[in-house]
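Heads up, the thing below is written out as structure tokens.
Where a number appears in this text, it was derived from the coordinates with a stated rule and is not lab data. Computed from a prediction, not measured in an experiment: that's the story for all the values here. Ideal geometry is used to build each Cβ from the backbone, glycine not excepted, and the neighbour counts take in all protein chains shown.
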Amino acid sequence: MKRIETRLWHGGRPRAFSFTFDDGRYEDYRLVETFNKYGVKGSFHINNPGFLESCGYKVERLVDPDDYKELYVGHEVSCHLLLHPFPKWQPTEAILQECLRNKRFLEERVGYPVRSMSYPFGSFDERVINVLRAAGMEYSRTAVNTYAFGLPEDYMRWDPTCHWSEVEGLVEKFFSPMRYDFLRLFYVWGHSYEFSSEEKWADLERMLGVISGRDDVWYATGIEIYDYMQAVRALKFSTDCTMVYNPSAVPVWFEADREVFVAEPAKVTYIG
């Protein structure tokens with residue numbers, strides 16, 4: 001029997017890197033352009049701009065909703081609730097409406113099901129999670145930094161590695177060899193309005209120059225990472241582990257006695 005380990009990301013890579021930015025502020029135009037320049041990806045968690053304004057909220061410049069589909073192509077558009085509330089302190093009915101109306105608003109503009117979010121103000125509890133799951137959310141990012149590169153036990157409590165301003169202090173650790181290297185993920189959060197000067201934009205480009213363009217890193221959105229891990233867990237191995245069936249729509253890389261195999265979608269792969 002071969003030793004089977006599902007510890008590789010898409011493309012057989014040992015590491016993944018993902019950005020997650022909130023609020024859909026006007027600076028996203030430049031941020032997405034910069035991400036595209038360096039070949040990295042992000043998830044962008046957005047409220048409903050027109051509704052915010054109609055309710056009397058003072059709103060800084062935001063991305064035009066008519067631009068969502070074109071601007072964020074290749075990235076992920078995700079919920080941040082209707083009015084950027086503190087969900088933990090809302091009634092259940094309000095949380096449900098906040099999520100469903102936000103979800104529908106975004107879906108009508110990007111043309112695909114929106115399945116994820118980040119918690120406004122990092123506010124949530126078990127009740128909030130249950131309501132959001134019922135509304136179709138499959139993962140949600142918190143604002144609790146781990147300064148580590150692991151994956152969550154519960155994707156509705158997905159803690160990031162760190163804020164974007166702290167990335168450079170962890171890069172060496174992320175790329176350093178380890179005796180046991182299991183699906184290392186660098187998960188970074190922030191807000192594009194924090195790039196408030198040319199100096200800050202220069203900091204971003206310097207950081208991207210260090211982490212981008214590497215063959216050993218998969219640059220992915222949050223939903224791509226989530227879907228990949230669901231596909232990994234869905235693999236069906238034969239009793240003697242000489243065959244594996246992948247019922248998902250996502251190819252999965254794995255090792256058998258250190259040899260790399262790909263379990264193609266909806267197919268049986270034979271492990272020689």
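Overview of values
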{"read-out": "D203-S123 FRET efficiency (beta carbon distance; Förster radius 35 Å; 0.05 resolution)", "value": "0.75"}
{"read-out": "Furthest towards positive pole of dipole, Y26, W253, V268, structure part the chain, Cβ charges", "value": "V268"}
{"read-out": "Value at 222 nm in deg cm²/dmol, rounded to 500, when DSSP H runs of n ≥ 4 in the chain each add -39,500 (n - 2.57)", "value": "-9000 deg cm²/dmol"}
{"read-out": "19 Å cut-off, amide nitrogen to a point 7 angstrom out along E33 Cα→Cβ, residues in region 201-239", "value": "201-209"}
{"read-out": "Rule-of-thumb Rg ratio for region 127-176 [Cα; 2.2 N^0.38 Å; N residues]", "value": "1.39"}
{"read-out": "Whole-Hz couplings from phi, Karplus 6.51/-1.76/1.60, listed for region 210-219; x for Gly and Pro", "value": "7, 8, 8, x, 9, 6, 9, 10, 9, 8"}
{"read-out": "For region 132-271, alpha-carbon Rg and Dmax in angstrom", "value": "17.9, 59"}
{"read-out": "Cα point-scatterer Debye curve for region 16-223, base-10 log of I(q)/I(0) at q = 0.12, 0.16 Å⁻¹", "value": "-0.60, -1.06"}
{"read-out": "Whole-Å semi-axes of the ellipsoid equivalent to region 198-272 (Cα gyration tensor, √5λ, descending)", "value": "35, 14, 8"}
{"read-out": "In order through region 75-88: 3J(HN,Hα) via Karplus (6.51 cos²θ - 1.76 cosθ + 1.60), integer Hz, x for Gly, Pro", "value": "10, 10, 9, 9, 6, 9, 6, 4, 10, 6, x, 9, x, 4"}
{"read-out": "Positive dipole terminus of the chain, leading residue within F35, G136, F186 (C-beta point charges)", "value": "G136"}
{"read-out": "Relative contact order computed over the chain (Cα-Cα under 8 Å; 6+ residues apart), in percent", "value": "27 percent"}
{"read-out": "Interatomic Cα distance distribution for region 1-54, bins of 5 angstrom, percent", "value": "4, 14, 18, 16, 13, 10, 8, 6, 5, 3, 2, 1, 0"}
{"read-out": "Members of K88/K200; K88/K173; K173/K200; K41/K69; K69/K200 lying beyond 25 Å, as alpha-carbon distances in this model show", "value": "K88/K200; K88/K173; K69/K200"}
{"read-out": "Using a Förster distance of 41 Å, the FRET efficiency for I4-L170 (Cβ separation, nearest 0.05)", "value": "0.85"}
{"read-out": "Loop-resident sites, region 119-197, for trypsin sites (Lys or Arg not before Pro), counting at most 16 other Cβ within 10 Å (DSSP)", "value": "R179"}
{"read-out": "Between region 95-169 and region 172-248, the Cα center-to-center distance that results, in Å", "value": "17 Å"}
